[in-house]
């Protein structure tokens, strides 16, 4: 599971200092204070300021290994691998059995070799050469790796390769409605970086950090919706750093909706998470709404009635009524339960994998009368019947199994075709959604809520599929509906699929491990976020140019296309 | 009696004299009626012609080349009739305002603005000219028929122009898409070259900056430029200059 693996990076900062039998510390009070200040700053990914504290700490107490060790992490986040390796080798010299250093030093050395020696380990692909082109070369779809923003190489050679410390575990990317701005969610960075449409200039930064000063954004105060509640031990539930996962816009691009994976104090993802609403005129957060645990995906309904948020953490989807022009008019509506809600007491262990059905992908049908939800674990597609124009309560129609084993992302086009990626099988499937709803109609009406499921075969419906590679993640349809783009996590590729034939039209390597992608409104660019995995690869956003060569020739007067 | 009608007083007077003069006078009356009827006829149809010219002038997809077939025939008939009216006899029988209008039309040349202006004046005679008795003439009904046919043809021309607009818009989108890609790449290179200046570059970075001039992005730019030229040639073959003037990429 991608987040599981990525979260290792998170745990570095949360627990690495405590991984030894007792917390790392300095002897002198002044040094200890500087160590703690540095760790707080590093926790907020202010690596350079953290390093200043560690240097001051070492000036106060040169033998304090805790400060040397922590400086290694700050160098890591700055992509300064030589310094990371030097710091940790120094710690290892003082304590040859330091478990943390023994665990992470090899990866730091591997990254160093990647950047310096250009020896790319077979386990991941990073530092893909800019200017790379997709294959096959003679395909009507041509992709060119144009530019990159990354935080793993501070001194890149190409001027199109830009080091950017705000690219920290980038999870998703989103173009503004007018195509002039691009928002990149740095999940572990707790921030959203804003770039111009070509990625040449950084326009701003949204920090998802909430203190007492931001209390006015929480209109419901400390109350959680849909029966959720915070643990009693949490005294200030609205003071946290949010980990931005996905992005959706509404109101013709006026607002962005950014769900957080979890609140920073909720290490287990068992409490209500939150969703920020950003006014794109100012790129400032204007409201924060509490949502269910581990909120992941967010999708706007076509009639602009709802914003749906999937809760990875407990088999639910929250519907927010977004009618009204101002964010203060938005309100929590129904909580949709996919088969069975996970009780709070069962939210234990690794919540990335202990997530019930791991609900994620969302897609409204063109008329908003149905909402499809993917269940990554167990491989189901759940469907709710909605009443977009009336007051009728949503109805859980049930879950279809048997189409793909691990559906993740999905989209529905204006022809009534549903496209779904499968992480487990590496497939992209196309299927008419009405046929799926008709299949669910075969479930007897008096079937119990939790038993409303049906196992079918792909051949039972008019489906077509194509194998793009293991770990098929995000999926985006081009505006003309002719091409699907998919990020393939395990092979570290961006793949373009010809929708009519369901055949691969182009594939191109990207920095590992890609997760999110987005197309510019004019379709000429594809941005890919490479989040990384197990502290390898990632921390990169690639900008790809897309050319549709058959569509770029002005036809002759009599309709006979001349050859170039 | 209106001022305009007063202008016909002298004609009526002349007609009275002609009637008194017997058969010759009857011929003159008949002739004057015919001139009057023709002038009214032209005045009534001048607006249709003016609209054709104005629309052709305003819309590059119609253009002067679309003033052909029945439209052209109707215009030719109209102008021939106008010249006839302005002949010696007509010139004598018509009031000053009408004479001036037809003279302006006959001397307007090919300038659509001048012709339109003259047609407007001819059309303005419509309410002023009152003939003593309607004398149907084959020529007059023929003009009405030609204008009707011309109008029908003009509707077709406009429908074709609308289709041409759609086709041109499709061509424009294709052309501009390539142009946008090209401009975008140029901006990317510009920004990247900005990073190559004013910084302390390593030898490898300096080499990478130099390589920008011949690298994949530069090659892509060259390819897009070639594609743009090719498309521009196609557009020039397909569309007249006035239409191409509207080729704007935002």
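The values are calculated or read from the model by the stated rules, or taken from the named source; none is laboratory data. Remember, it's a predicted structure, so these values are computed and weren't measured experimentally. Here the Cβ is made from the backbone with ideal geometry for all residues, glycine too, and neighbour counts use every protein chain on show.
Which one is surrounded by the fewest Cβ atoms within 10 Å (Cβ to Cβ), of the residues in the range A:158-177 that are within 12 Å of another protein chain (Cβ to nearest Cβ) and assigned to a loop (DSSP other than H, G, I, E, B)? Once the filter is applied, the top-ranked residue is A:158. Test residue A:240 against the criterion of being surrounded by 15 or more Cβ atoms within 10 Å (Cβ to Cβ) and touching a residue at least 40 places away in the same chain (Cβ under 8 Å), and give yes or no. Considered against the rule, which asks whether it is surrounded by 15 or more Cβ atoms within 10 Å (Cβ to Cβ) and touching a residue at least 40 places away in the same chain (Cβ under 8 Å), residue A:240 comes out as no. If the condition is being more than 9 Å from chain A (Cβ to nearest Cβ) and surrounded by 15 or more Cβ atoms within 10 Å (Cβ to Cβ), then the range B:207-222 contributes B:218, B:221. The condition of being out of contact with any helix residue (DSSP H, G or I) (no Cβ under 7 Å at 6 or more places or on another chain) and modelled with pLDDT of 85 or more holds for only one of A:149, A:154, that being A:149.
Scanning the range B:71-82 for residues that are under 15 Å from the mean Cα position of the chain (by Cα) and either without any contact (Cβ under 8 Å) to a residue 24 or more places away in the chain or surrounded by fewer than 22 Cβ atoms within 10 Å (Cβ to Cβ) (or both) gives B:72, B:75.
The rows are residues; the columns are (1) farther than 30 Å from residue A:253 by Cα; (2) surrounded by fewer than 22 Cβ atoms within 10 Å (Cβ to Cβ).
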| residue | (1), (2) |
| --- | --- |
| A:338 | no, no |
| A:352 | yes, yes |
| A:359 | no, no |
| A:376 | no, no |
| A:385 | no, yes |
| A:389 | no, yes |
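Of the residues in the range B:157-177, how many are away from chain A (no Cβ under 14 Å) and exposed (fewer than 14 other Cβ atoms within 10 Å of the Cβ)? Matching residues across the range B:157-177 total 2. Looking across the range A:329-351, the residues that are closer than 18 Å to residue A:298 by Cα and part of a loop (DSSP other than H, G, I, E, B) come down to A:330, A:338. Quick one: which of B:172, B:233, B:195 is in contact with a strand residue (DSSP E or B) (Cβ under 8 Å, 6 or more places away or on another chain) and closer than 25 Å to residue A:524 by Cβ? Answer to the check: B:195.
Results for (1) modelled with pLDDT under 90; (2) within 14 Å of chain B (Cβ to nearest Cβ), shown as yes or no for each residue.
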residue	(1), (2)
A:478	no, yes
A:486	no, no
A:505	no, no
A:512	yes, no
A:526	no, yes
A:530	no, no
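Is it true that some residue in the range A:195-214 is away from chain B (no Cβ under 14 Å), surrounded by fewer than 24 Cβ atoms within 10 Å (Cβ to Cβ) and within 30 Å of residue A:497 (Cα to Cα)? No, because not a single residue in the range A:195-214 is away from chain B (no Cβ under 14 Å), surrounded by fewer than 24 Cβ atoms within 10 Å (Cβ to Cβ) and within 30 Å of residue A:497 (Cα to Cα). Scanning the range B:178-191 for residues that are in contact with a helix residue (DSSP H, G or I) (Cβ under 8 Å, 6 or more places away or on another chain) and either within 8 Å of another protein chain (Cβ to nearest Cβ) or not in a helix (DSSP H, G or I) (or both) yields B:178, B:181, B:185, B:188. Counting only residues that are over 18 Å from residue A:155 (Cα atoms) and surrounded by 21 or more Cβ atoms within 10 Å (Cβ to Cβ), the range A:74-99 holds 3 of them. When we screen A:281, A:213, A:270, A:252 for residues that are at positive phi and out of contact with any strand residue (DSSP E or B) (no Cβ under 8 Å at 6 or more places or on another chain), the only hit is A:252. When the residues of the range A:137-157 are filtered to those that are within 13 Å of chain B (Cβ to nearest Cβ) and farther than 22 Å from residue B:224 by Cα, the one that is nearest to the chain's Cα centre (by Cα) is A:149.
Evaluation of residue A:369 against the conditions (1) more than 29 Å from residue A:479 (Cβ to Cβ); (2) surrounded by fewer than 23 Cβ atoms within 10 Å (Cβ to Cβ) shows that the sole unmet condition is (1).
If you check B:246, B:150, B:198 for being at pLDDT below 90, more than 10 Å from chain A (Cβ to nearest Cβ) and under 30 Å from residue B:48 (Cα atoms), only one passes: B:246.
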